[in-house]
Amino acid sequence: MDAPLIDPFARAIEYLRISVTDRCDFRCVYCMSENMTFLPKKDLLSLEELDRMCSAFIRLGVKKLRVTGGEPLVRRDIMTFFNAMGRHLDSGALDELTVTTNASQLARFAKDLYAAGVRRINVSLDTLNEQKFADITRWGRLPQVLKGIDAAQDAGLRVKINTVALKGFNEDELFTLTEWCASRDMDLTFIEVMPMGDIGNEDRFGQYWSLKDVRARLEESYSVSDLSERTGGPARYVQLSETGQKIGFITPLSHNFCESCNRVRVTCTGDIYTCLGQEGHSDLRGPLRSSESDAILEEAIRAAIALKPRGHDFDYSRQRVDGQVSRHMSHTGG
Ligand code: SAM
Ligand code: SF4
């Protein structure tokens, strides 16, 4: 392996989240507007380019690769990419290949993902009520997603459910979701909703529900104990002693994990973001396309990592428009 990626604050960069498409078959109200304009195809990294990009990061020490989007499983021929990444698992260069998905295509792809070497997946699901599911995702249908989750578990994939906590929307399902996950041996993580730019006025759904409050509500019915486990990311975990289940809390904009941040994101257009809380990014697509050799790309990756900020800018509210992060989660990858 080449010299590993160490940022100016001595953090080894071992985790890459890569967005493989900005498209999606759902239109979740907190993520997209109903009439999204997607990027022209030529701007997206091709499957071969995604392979080159990720392989370069893996050569430089990335051990964990999460594939996200948009909806990664709607990208045409995406299994070619998963299979290609499987070779890095086989060689031992990569420890984990994983995916974040809305599960709509899992009935089709679960077995293939397992065969490619994926063992754990994150599925985003905010409600178990069919009508509410249709409302929040606009285009999604719950039975299809539940079939996808069944297929994933049947294929041997470990499933973690990610639920965006929304006041007045899924507050009343806190215990239903928790018990449902426990009964299916799935961990559950709550995500605090982030105000995203330009997705229309969705006040009816997009209401902020603090995870402190979610936790307090759980404590009314369960014995909740903190787990020391950290993943270098914004998640904190607790265990419910009654069910043995692990529950995560992700507060994406909290400032408390920057010291251990080991991750970077690459968008479907090849921009690298080294901090979710900041707008600063660098182009890797230019360097990638400028040469068939990866030397220029690797140099650009190192240069970008050298700019990774120490943490969320204390004044980063200035970089947001009306209190909103101006880029889309579906572009950067959630
Ligand atoms: N389509 C896939 C999915 O839904 O799992 C992967 C991409 S999606 C952008 C990744 C995660 O971001 C999902 O769990 C979604 O709930 C979350 N997300 C999207 N918009 C968000 C927002 N405004 N605030 C918090 N989480 C958000
Ligand atoms: Fe699609 Fe995921 Fe965004 Fe929902 S959260 S619109 S499933 S990308």
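The values are calculated or read from the model by the stated rules, or taken from the named source; none is laboratory data. Worth saying up front: this structure is predicted, and the values here are computed from it rather than measured. Glycine gets a Cβ as well: all are built from the backbone with ideal geometry, and neighbour counts include every protein chain shown. These accessible areas exclude ligands, DNA and RNA; they are computed on the full protein's heavy atoms, side chains included. Shrake-Rupley method; radii C 1.70, N 1.55, O 1.52, S 1.80 Å.
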Where in the range 95-139 are there trypsin sites (Lys or Arg not before Pro) that are in a DSSP coil and have at most 16 other Cβ atoms within 10 angstrom of their Cβ?
Arg119, Arg138
Computed over the chain: relative contact order in percent, which uses C-alpha pairs under 8 Å that are six or more apart
22
Among the listed pairs Lys41/Lys160; Lys212/Lys308; Lys64/Lys308; Lys42/Lys64; Lys132/Lys160, give every one whose C-alpha distance is greater than 24 Å.
Lys41/Lys160; Lys212/Lys308; Lys42/Lys64
Computed from the beta carbon distance with a Förster radius of 56 Å, FRET efficiency for Leu227 and Glu292 to the nearest 0.05 stands at 0.75
Around Ile191, which amide H atoms from residues at least 5 apart in sequence, or from another chain, sit under 5 Å from its own amide H, with H modelled in the peptide plane?
Thr163, Val164, Ala165, Ile250
If one compares the long axis through the Cα atoms of helix 142-154 with the longest principal axis of the Cα atoms of the chain, the angle in degrees, nearest 10, works out at 70
Share of carbon and sulfur in the accessible heavy-atom surface of the chain [1.4 Å probe, %]
49
Candidate cut points under GluC sites (Glu not before Pro) in the range 1-73, DSSP loop plus at most 14 other Cβ atoms within 10 Å of their own Cβ, are Glu34
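What 222 nm value per residue comes from the helices of the chain, counting each DSSP H run with n ≥ 4 as -39,500 (n - 2.57) and dividing by all residues, nearest 500 deg cm²/dmol?
Mean residue ellipticity at 222 nm (helix-derived): -9000 deg cm²/dmol.
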Per residue solvent-accessible surface (Å²) - the chain, probe of 1.4 Å
43
Please give the helix 106-116 orientation as an angle from the longest Cα principal axis of the chain, in degrees from 0 to 90, rounded to the nearest 10.
50
Would you mind telling me the antiparallel percentage of the DSSP bridges in the range 15-332, rounded to 5?
35
Please build a GNM for the chain, connecting alpha carbons under 10 Å apart, and tell me which residue among Ala12, Ala216, Ala306 fluctuates the most.
Ala216
Express in Å², to the nearest 10, the accessible area of Ser223 obtained by rolling a 1.4 Å probe over the protein heavy atoms while all chains stay in place.
60
Starting from the Cα-Cα distance between Ser210 and Asp90, subtract it from 0.36 nm times their residue separation and give me the gain in nm to one decimal.
39.1 nm
Please compute one quarter of the surface area of the Cα convex hull for the range 15-332 and express it in square nanometres.
15.6
